[in-house]
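Engineer: Here's a structure for you.
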Amino acid sequence: MAVEVLLMDAVPGLGIEGDVVRVAEGYARNYLLPNGLASDVTEGKKRQIEKKRIERLELMRKEQTAAEELAKKFESISCTIAVKTSEGGKMFGSVGVAQIVEKIAEQGITLDRGQIKIDSPFHELGVFDVTVTLHPEVKTVLKVWIVEE
């Protein structure tokens, strides 16, 4: 059975403060309500949380604008990672998210590891497209060049 709750704080995958959402009764009773993330839906609580909601929406708009500007920068940059290889051209080890984040940081752009999405570490030389999530609504593609050292 589902119940309606008023979110008091942002909950990933559910909504932001001020949203009235329907969730499973157990989820509300065992997680949202005890942790202060939600409360029962009342007019008083709605008015109380509305100002916080407006501030959050404005902040999200600003973050999205900044992310869109950063996405435009990604069109002009690339990430080149030099790796050691054997005589046959086979790579020693692999290139993962940590190396990509490190190379991007050298260009003055700070990213979290969770913002970069690759299916698995790269085990061969070449050019790869990597998806970078700068904001929930802004994604861009980064070209990663893996070359011989």
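The values are calculated or read from the model by the stated rules, or taken from the named source; none is laboratory data. This one's a predicted model, so the numbers in the text were calculated from it and none came from an experiment. Glycine gets a Cβ as well: all are built from the backbone with ideal geometry, and neighbour counts include every protein chain shown.
Engineer: Being farther than 19 Å from Glu68 by Cα and part of a strand (DSSP E or B) is the requirement here; does Val132 meet it?
Structural biologist: Numbers: farther than 19 Å from Glu68 by Cα: no; part of a strand (DSSP E or B): yes.
No.
Engineer: Could you tell me whether Ser78 is modelled with pLDDT under 85, surrounded by 10 or more Cβ atoms within 10 Å (Cβ to Cβ), at negative phi and small (Gly, Ala, Ser)?
Structural biologist: Criteria met by Ser78.
Engineer: Output the number of the condition that Gly88 fails; it satisfies all remaining conditions of (1) of a type outside the set (Asp, Glu); (2) within 30 Å of Leu6 (Cβ to Cβ); (3) loosely packed, with under 10 Cβ neighbours inside 10 Å; (4) modelled with pLDDT under 85.
Structural biologist: So the condition that Gly88 fails would be (2).
Engineer: Please indicate, with yes or no, whether at least one residue in region 96-103 is surrounded by 14 or more Cβ atoms within 10 Å (Cβ to Cβ), under 28 Å from Val144 (Cα atoms), touching a Cys at 6+ places or on another chain (Cβ under 7 Å) and not aliphatic (A, V, I, L, M).
Structural biologist: Yes.
Engineer: Restricting attention to region 17-48, which residues are surrounded by 15 or more Cβ atoms within 10 Å (Cβ to Cβ) and in a loop (DSSP other than H, G, I, E, B)?
Structural biologist: Glu17, Gly18, Asp19, Leu33, Leu37
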